[in-house]
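The values are calculated or read from the model by the stated rules, or taken from the named source; none is laboratory data. No experiment lies behind these values; they were computed from the predicted model shown. Cβ placement follows ideal geometry from the backbone for every residue including glycine, while neighbour counts extend to all protein chains displayed.
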Amino acid sequence: MEMKKERGRVLIVDDDPLMRGLLSDMLYNVGSYKTDVAVDGFDGIGKIKNNEYDIVFADMSMPRLNGMDFLKEIKKINSSMPVVIITGISSVDMAVNAMKEGAQDFITKPFRIDTVISIADRITGERKLLNLNKIAVKDDYEASVGKLKAELSKKLQEIGIFQSISTELDGLCDNKEIFESIVAMASKLFAVKEASFGAIENGHLKIKGTIGTMAKDISIANSIFENVIKKKTFCLASLGEISPHNGSLLTSPFLSVPLTINNEVFGILNLSNKADGTTFTDDEIRLALTFAEKAAMRIENNALYEVFYANLMNTLKSLVISIEARDPYTKHHSERVSLYSLQIADVMNLGAEDKDAIRFGGYLHDIGKIGVRDTVLVKPGMLTPEETTEIRLHPVIGYNILEPLKFFPDEMDIVRYHHEKFDGSGYPDGLAGDDIPLIARIAAVADTYDAMTSSRPYRNSIGHDIAIKELKTGSSSQFEGEIVLAFLQTPVGKGEERLLL
Ligand SMILES: [Fe+2]
């Protein structure tokens, strides 16, 4: 039997036997590499100490010693050992970190045979080049090193781009912002004069963000978009083909790349009219696909987050409704506290973030009453000292309901501190003055006004005028004077409206 020419020795480190076997078969049978396998990081370290390898392929997530720590250990033993990291599709960030730690390259699962082989070939080729001794013709050697350096700087540039894409997209939470930002980043990244992002809706591409002149709504049928959606990959239309935008002939190449969620195309990123007038290179197309993948992930996360957030808000709202249903006299109290607090916030010119916290936090302020017994909550007469203690637990109970959700940090302030008093005589923490969060100080005024102007089983509403007098009396002791003054300027405080919900 003829011996195969051996192109290099490869060590594959993966705790998954299937993946190990697959990679080993690919590299041995297709790539003509001699392969060795290790079942985890510790096993891998032992093999590296006792054998010579040209490349190590290492899985990122392994028990005992994970890929990143394994990589660091290898670099301690042999800093020039090329390591290729294998990651799941979703951990491009981790791959970037691995590259910073000295990994030579990374492949994402599932991987293609030709990708694996070409990476291995490139790395062994580079190693041979770097091992050239001084006998090599000087010019050739310098040219080779120059080429390597150029490759390296291109790779680093791409990594930099990936990182800025991630950071920039992660900072955005509004879909409209994300769409616009995707287009702006793409136009910068690919130096194009025209870029657009469109979402697929009812057979049309509805443009959500654009740079340059683009139609707003394009029929997908018989356009290149139809191909992108069907084939789920990019489509490059050349000069002279029909422009999907206006039906005229294209005067510059037009690149469309799909954005997918669960393998379904939901949007298309279009790039055209490169500033230097050239067409898109293979490298740029590859980068555009990665960019689109990253952007799609961000949009998917956002969609999931929005659905989750909306569900959570609905659950909390139904909790509030169930508390109010137990005590018919407090019907719509939560809603009114939220609205009165917002009116105060308006007079005080608070920002949008504070107002959002006030809107929902005001609504949730008594959510802890879910933990107070009915006999205490709806008792018609005076409360005993024990019952008072029980009802005074509600701010902390409410806080404990919201705390683990991690979604409502500011709203939690209203829930916990709306019974604190400005002079420090309130509960549960006895905070005073500015130590009580501003939005909670505001809610305290709104809450007290609404309590005084609502009828209870054991007493009737004291009426607007007396309630205002009481608030003024409590200025600077129970309430912050400035907030009471602000309340007096609101429609409700002026007695112009009483929200009868
Ligand atoms: Fe309360």
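Considering 344, 321, 285, the condition of being surrounded by fewer than 20 Cβ atoms within 10 Å (Cβ to Cβ), aliphatic (A, V, I, L, M), more than 30 Å from the chain's Cα centre (by Cα) and on the phi < 0 side of the Ramachandran plot is satisfied by 321 alone. Within the stretch 164-209, the set of residues being at pLDDT 90 or above and of a type in the set (S, T, N, Q) comprises 196 only. Can you tell me how many residues in the stretch 378-392 are within 11 Å of the ligand (Cβ to nearest atom) and either at pLDDT below 90 or not in a helix (DSSP H, G or I) (or both)? Residues flagged as within 11 Å of the ligand (Cβ to nearest atom) and either at pLDDT below 90 or not in a helix (DSSP H, G or I) (or both) within the stretch 378-392 amount to 1.
Here 355, 369, 317 are screened, and the one residue that is of a type outside the set (Val, Ile, Thr), outside any loop (DSSP other than H, G, I, E, B) and within 12 Å of the ligand (Cβ to nearest atom) is 369.
Which residue is surrounded by the fewest Cβ atoms within 10 Å (Cβ to Cβ), if the candidates are limited to the stretch 1-60 and must be within 15 Å of residue 107 (Cβ to Cβ) and of a type in the set (Gly, Ala, Ser)? Among them, the one singled out is 24. Of all residues in the stretch 399-419, those that are in the same structural domain as residue 335 (by TED's automatic domain parsing) and within 13 Å of the ligand (Cβ to nearest atom) have Cβ atoms under 8 Å from Cβ atoms of residues that are among the β-branched types (Val, Ile, Thr) and outside any helix (DSSP H, G or I), 6 or more apart or on another chain, in 417/436. Within the stretch 434-447, the set of residues being closer than 18 Å to residue 344 by Cα and either away from the ligand (no atom under 15 Å from the Cβ) or out of contact with any Ser or Thr (no Cβ under 6 Å at 6 or more places or on another chain) (or both) comprises 434, 436, 437, 438, 439, 440, 441, 444, 445, 447.
Residue 497 meets all of the listed conditions (1) in contact with a helix residue (DSSP H, G or I) (Cβ under 6 Å, 6 or more places away or on another chain); (2) not assigned by TED's automatic domain parsing to the domain that holds residue 372 but one, namely (1).
Residue 283 meets the conditions (1) away from the ligand (no atom under 16 Å from the Cβ); (2) among the acidic types (Asp, Glu); (3) not assigned by TED's automatic domain parsing to the domain that holds residue 249 in every case but one. The failed one is (3). With respect to the stated conditions, residue 361 fails to be touching a His at 6+ places or on another chain (Cβ under 6 Å), assigned by TED's automatic domain parsing to the domain that holds residue 479, small (Gly, Ala, Ser) and in contact (Cβ under 8 Å) with a residue 40 or more places away in the chain.
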